[in-house]
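What follows is calculated from the coordinates using simple rules that are stated; it is not laboratory data. Note that the structure is predicted; figures quoted are calculated from it, not measured. All Cβ positions, even for glycine, are placed from backbone atoms using ideal geometry, and neighbour counts span all protein chains on display.
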Amino acid sequence: MAPLLAASELARAAAAAPLQPAQVNGYPALILRLAGKIDTVVAVRIDDGLITGLYAVRNPDKLSHMERETALHR
């Protein structure tokens, strides 16, 4: 995949990319896929109804576990 160099290129790529809602580390999150693979995960911290943090991860090593399904236990 070629790197994106301009903000307009990034905006076009992000607009065309599917976003998948998720929960990451207890926070609501969006998973951005490019070329079918996870490119970015953005988690949103919300306190008292206000957004108090945005956490974006793009490191492929840190995202590799996101492709695997995890069983939920009660």
Note, ³J(HN,Hα) from phi for segment 33-38, Karplus 6.51, -1.76, 1.60, rounded to Hz, x at Gly and Pro: 10, 10, 6, x, 10, 5
Sequence of Thr40, Thr52 once ranked by neighbouring C-beta atoms within 10 Å, starting from the fewest: Thr52, Thr40
Cα gyration tensor shape for segment 18-67, rounded if a/c is under 1.5, else prolate or oblate: prolate
